[in-house]
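**Student:** The structure under discussion is supplied below as structure tokens; questions concerning it will follow.
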């Protein structure tokens, strides 16, 4: 490890075996020294879950060639904690999460293991970026977006990174040459109009399978969903202070 | 079900078998018609996780006496979705989550299954409150706080509830008569200085167990941690728009 190189931690929620993290490691390795600590199995939709009541395993893995890499039985957030406190024993210069197979725009940021890992990086006071591509296809070519992703990583390393904030980067499912550019956005107010498929197992017992339709509430021109629909890569600065400051005075009027 | 009664959904993350939800159901039942949909096993630290890749089970359970109740194999957030779309087939007037065994103040809101269920309620556009008590003791007497909890629930039903917001209520681990009152607060900026216990299993293989010390960064007098330390119940209005609006212009100056 060259001491003048930036130390970049890479994680994700689709596991060390996913195509998206392979591409992110490849791209990040041209910009710094990469260490990978990522889940050993898919952890999509894990949100900001941590493992409180079970032991966590951590094993060296070889699928990233010369890059030092570990697979963990923990959640994406566990991986960030393990990386800092048990693998690196110091804070990296940058935390990258992804590239996620599937979009994490708008309120999906809350369900996303990819973004929760980036938010955990921000909670540790580290510059952090989560990357997601708007397709679940196994055939997706992540490397075609290398120029955009390199630019974002370089900019994060070179500029003053906003404190206690991470970036939620979503790439539309378009050929790279059709992407119009990168836009700084706000988190769209959208939500899943959830439905469950109600099915029967082989014993006649009911089970449910989560599905749903995604819709934007109060569409805004500065939202990440709008940017993606227009063919731009969206970048939302994302924080972990959830206080709704605008309603503090109203609540005080309840005279609790 | 009397039609003029308010419909109150109760859930939690400690499972239908926890003492905390028993107390919350008892208190809420004096203020409306309660339906329970909660996990069938403990789900502490699950954050905003949802079950994407597995079937979800939902079974009627009897431990709440005459109150209609269901236990689900899903996460707390799954429970809120299942309740609305598969059990009630309509939106309840109020979503209550808890009473959690353990504090969910400050940034713990992100890790908490209890609070994620309340946030999911807010995402569905519903008045929602998460309750937590600052102790893990099985001996805790939740019912002693009935007056405070009833007051909060009544106020939520009677007043204009802030849109797309839920309340994060934490009760200090004090005898009820020593509690000084209820304070409207901001989310403290605190975090876990995480450590892992590194242990060996019976085969000599390493495993990790998450532990840590909790510390406040930039202590503030209006924070929930401060209120709890002073002997007050803290109430933080909590939203799901994570955009850090203050840094949008700075990021635009990166010229991405």
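Each reported figure results from applying straightforward, stated rules to the coordinates on display, with no laboratory input. Only a predicted model underlies this, so the values are computations on that prediction, with no experimental measurement involved. Glycine gets a Cβ as well: all are built from the backbone with ideal geometry, and neighbour counts include every protein chain shown.
**Student:** Quick one: count up the residues across segment B:190-213 that are under 30 Å from residue B:239 (Cβ atoms) and more than 7 Å from every other protein chain (Cβ to nearest Cβ). Let's see the steps before the verdict.
**Tutor:** The first filter runs over segment B:190-213 and keeps only residues under 30 Å from residue B:239 (Cβ atoms), leaving B:190-194, B:210, B:212-213.
Subsequent filtering for residues that are more than 7 Å from every other protein chain (Cβ to nearest Cβ) retains B:190, B:192-193, B:212-213.
The total comes to 5.
**Student:** On the basis of being part of a helix (DSSP H, G or I) and touching a helix residue (DSSP H, G or I) at 6+ places or on another chain (Cβ under 7 Å), does residue A:153 make the cut?
**Tutor:** Working: part of a helix (DSSP H, G or I): yes; touching a helix residue (DSSP H, G or I) at 6+ places or on another chain (Cβ under 7 Å): yes.
Yes: the conditions hold for residue A:153.
**Student:** Of (1) under 13 Å from the mean Cα position of the chain (by Cα); (2) assigned to a helix (DSSP H, G or I); (3) facing chain B (nearest Cβ under 9 Å), residue A:82 satisfies all except one. Which?
**Tutor:** That leaves (1) as the condition not met.
**Student:** Could you pull out the residue among B:16, B:35 that is under 27 Å from residue A:197 (Cβ atoms), part of a loop (DSSP other than H, G, I, E, B), in contact (Cβ under 8 Å) with a residue 40 or more places away in the chain and more than 14 Å from chain A (Cβ to nearest Cβ)?
**Tutor:** On the way: B:35 fails: part of a loop (DSSP other than H, G, I, E, B).
It is B:16.
**Student:** For segment B:85-105, indicate whether the set of residues that are assigned to a helix (DSSP H, G or I), within 15 Å of the chain's Cα centre (by Cα) and buried (at least 24 other Cβ atoms within 10 Å of the Cβ) is non-empty.
**Tutor:** Just the residues of segment B:85-105 that are assigned to a helix (DSSP H, G or I), to begin with: B:85-88.
Subset that is within 15 Å of the chain's Cα centre (by Cα): none.
Looking through segment B:85-105, none of the residues is assigned to a helix (DSSP H, G or I), within 15 Å of the chain's Cα centre (by Cα) and buried (at least 24 other Cβ atoms within 10 Å of the Cβ).
**Student:** Turning to a different aspect of this structure: Of all the residues that make up segment A:130-142, how many are crowded, with 24+ Cβ neighbours inside 10 Å and within 12 Å of chain B (Cβ to nearest Cβ)?
**Tutor:** 1
**Student:** Pick out the one residue from A:109, A:169 that is touching a strand residue (DSSP E or B) at 6+ places or on another chain (Cβ under 9 Å), buried (at least 24 other Cβ atoms within 10 Å of the Cβ) and facing chain B (nearest Cβ under 8 Å).
**Tutor:** Just one listed residue meets the conditions, A:109.
**Student:** Let me ask another. When you look at residue B:158, is it at the interface with chain A (Cβ under 9 Å from one of its Cβ atoms), closer than 29 Å to residue B:19 by Cβ and exposed (fewer than 14 other Cβ atoms within 10 Å of the Cβ), yes or no?
**Tutor:** Values: at the interface with chain A (Cβ under 9 Å from one of its Cβ atoms): yes; closer than 29 Å to residue B:19 by Cβ: yes; exposed (fewer than 14 other Cβ atoms within 10 Å of the Cβ): yes.
For residue B:158, the condition - at the interface with chain A (Cβ under 9 Å from one of its Cβ atoms), closer than 29 Å to residue B:19 by Cβ and exposed (fewer than 14 other Cβ atoms within 10 Å of the Cβ) - is met.
**Student:** What's the total number of residues in segment A:64-79 that are assigned to a loop (DSSP other than H, G, I, E, B) and more than 10 Å from chain B (Cβ to nearest Cβ)? Lay out the reasoning, then the answer.
**Tutor:** First, pick out the residues of segment A:64-79 that are assigned to a loop (DSSP other than H, G, I, E, B): A:64-67, A:73-75.
Filter once more, keeping what is more than 10 Å from chain B (Cβ to nearest Cβ): A:64-67.
Number satisfying all stated conditions: 4.
**Student:** Can you list the strands (runs of 3 or more DSSP E) found entirely within segment A:173-256 that contain at least 1 residues being free of Cβ contacts under 8 Å to residues at least 24 places away in the same chain and touching a strand residue (DSSP E or B) at 6+ places or on another chain (Cβ under 7 Å)? Break it down into steps so the answer makes sense when it comes.
**Tutor:** Values: elements: A:181-184, A:190-200, A:206-216, A:232-239.
Qualifying strands (runs of 3 or more DSSP E): A:190-200, A:206-216.
**Student:** Applying the selection to segment A:214-238, what residues are surrounded by fewer than 20 Cβ atoms within 10 Å (Cβ to Cβ) and at the interface with chain B (Cβ under 9 Å from one of its Cβ atoms)?
**Tutor:** Across segment A:214-238, the qualifying residues are A:217, A:222.
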